[in-house]
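For reference, the structure discussed in these notes is given below.
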Amino acid sequence: MNQQKAKPRILGLILFCLAFSAAGTAYAVIPQLLGPLSALLSVIPQILAVVGIAVLTVVVFARDWLMGLFYRLRESVLLKTIVLILVLALLGAGVWVIYTGLQYATIKGGVPLENQPPQRPWPAFRGGVTRTGVLDNLPGPTNPAVSWLFKGEGDVVVDFASSPAVVGPLVYISAAQGSFFSSGGAVYCLNTYNGHNFWRLEGPVQIFSSPAVVGGRVYVGEGFHQDADCHLYCLDANNGHSIWKFKTASHVESTPFVSQGKVYFGAGNDGVYCLDALEGKQIWHYPSIHVDVSPAVWKGKVYFGTGYGEYRIYAVDANSGTEVWSKSVDYPAWGSPSADGDTVFFGLGNGNFIESAEVPQGRVTARNADTGEQVWEYEAEDSVLTAVAYRNGSVYFGSRDGHVYALNATDGTLDWKSRIGSPIVSSPAVTGRSVYAGAGNGVIYKIDSGSGQVVWEFDTARIAGGGPIYSSPAIADGKLYIGLKDYLLCLGDEEIAQETSELPELDDQ
């Protein structure tokens, strides 16, 4: 009789568990950034549902027997002994967790920070204060070998399309991520020695902006094309805790530029902002234009451009936001500006990071930093979406036309053009004798900066499934850090950096 009454309840519980399993987290499609991805259902909810059904069945059908067993054991000395042992075990576990947490605060990924080699910083997108993709005399890897490979965590698809920043023994990178039912973003802080995750901060909005790390703080924006009401965040670099956040009316794809106690960034349809870097209070706002590029601050001016509406490039006063000059250009200004001496460089072109325009056009324009007057221009065969790197009188950039270029910085004449054969939308990094760039075919290239000859190629399909590279490389202490789909890759010079079995397990492609 009891069993007959229990059957409807059991049936209802089974149906509930099955419904829960069908609504579990799954991989998803985020076409705005992640691209087309297979939606794979997670198996964990189904396993939990089966276990739950089994437990509930036992409880309902064996309830009387279990109650009898409980009353017999309640007065048992053995039971009291077992409870005492469990209490002591829990107390011991609590002590161990606290001790481990204190150790982790100083060891950070299993390697004491004081025992790690000193790191030369690459604190933001494009390296130094002029965003030229160069830190003087900073070498990169000469023989590419995987030092480590970090896979994004959680039951989500992760795309590290932003660019890493390296400060001390830590590397910071932001990511877009999503499951079948939702999308979001995250900022990661990893140990440069072994790629172990130190901290991760997740949010509800995907992130394309690259982190800028200055004065123990991380500045990063959130949002992508379709997003509104997004924020610029200021985080504690040591633990990822939010210090302040500033809300804009649009998205913040732009990577912030921090200079002299101020932080500058583009906010999509909401123009350009300057905030107090300490407290996040607005100092000035340049409205009524759409800015996605990362601004550059040079000699008291902020430089930026727009690829929407009327294509223009701008210089405004860094302290007041007052316009110094603005100039009309023929193509959208997508390339983030860089500067050296009296010259500021912009990459121009149509199309986007995913595809070329029907009639591709691209150009690099060099302008007088004080007046905006044209110094020279160089026409490429397709758009120049990358920032222009500068070193020792030469400028370097990639194009969607599948070439990496070197020009004379004074007059714009061609020094060399290296054919890669795949679109270059990753901004190059330049060292003493080398140019490093990632390509749309998933290959990282090292090019001799004097001759344009390819020195080596590293195909990321060997270890991370390949796919287009949007992240720009960062160079620090002889290593190259770059974001990929699902992974952050660190390349060094080790002959045998890691065995394949030590790398993250790859999903079937």
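Give me the three principal axis extents of segment 295-439 from the C-alpha atoms, as integers in angstrom, largest value leading.
On the principal axes, segment 295-439 reaches 44, 36, 22 Å in Cα extent.
Of the listed peptides 344-355, 415-426, what is their order by residue-averaged count of other C-beta atoms within 10 Å, with the highest listed first?
344-355, 415-426
Put a dot 7 Å past each Cα toward the Cβ at D411 and E310; how far apart are the dots in nm?
That separation, rounded to one decimal, is 3.4 nm.
Going by average Cβ neighbours within 10 Å, how do the peptides 366-377, 254-265, 324-335 rank, with the highest at the top?
254-265, 324-335, 366-377
Which pairs in the list K417/K485; K262/K299; K247/K299; K417/K446; K245/K485; K299/K446 are over 20 Å apart, alpha-carbon to alpha-carbon?
Table pairs above 20 Å Cα-Cα are K417/K485; K247/K299; K245/K485; K299/K446.
By how many nm would the segment from N352 to N392 grow when fully extended, if each residue of separation counts as 0.36 nm and the alpha-carbon distance is taken off?
11.4 nm
Would you kindly work out the equivalent ellipsoid of segment 374-428 from its C-alpha gyration tensor and give its semi-axes, the square roots of five times the eigenvalues, largest first in whole Å?
Values for segment 374-428, descending: 18, 11, 10 Å.
Residue separation times 0.36 nm, minus the C-alpha to C-alpha distance between H196 and S320: what's the value?
Between H196 and S320, full extension yields 40.4 nm more.
Pop a pseudo-label 7 angstrom from the Cα along the beta-carbon direction at both S451 and L278 and give the gap in nm to one decimal.
5.4
Hey, any idea what the orientation-averaged projected area of the convex hull of segment 145-493's Cα atoms comes to, in nm²?
15.9
Quick one: if you stick a label point 7 Å off each Cα along the C-beta vector at K247 and A145, how many nm between them?
Going by the 7 Å Cα→Cβ label model, 5.2 nm.
Could you compute how fast segment 145-238 diffuses translationally, taking Rh as the Kirkwood radius over C-alpha pairs and applying Stokes-Einstein at 4 °C with viscosity 1.567 mPa s? Give it in µm² per second.
This corresponds to a translational diffusion coefficient of 96 µm²/s.
Work out the FRET efficiency for N368 and F181 from their Cβ-Cβ distance, taking R0 = 56 Å, and round it to the nearest 0.05.
0.60
What is the magnitude of the charge dipole of segment 354-447 about its Cα centre, with +1 placed on the Cβ of each Lys and Arg, -1 on the Cβ of each Asp and Glu, and no other charges, expressed in debye to the nearest 20?
The calculated dipole for segment 354-447 is roughly 520 debye.
Read the figures in this text as sums done on the coordinates, not as results from a lab. In this text, all values refer to a predicted model and were calculated from it rather than measured experimentally. Cβ: placed from backbone, ideal geometry, glycine included. Neighbour counts: every protein chain shown.
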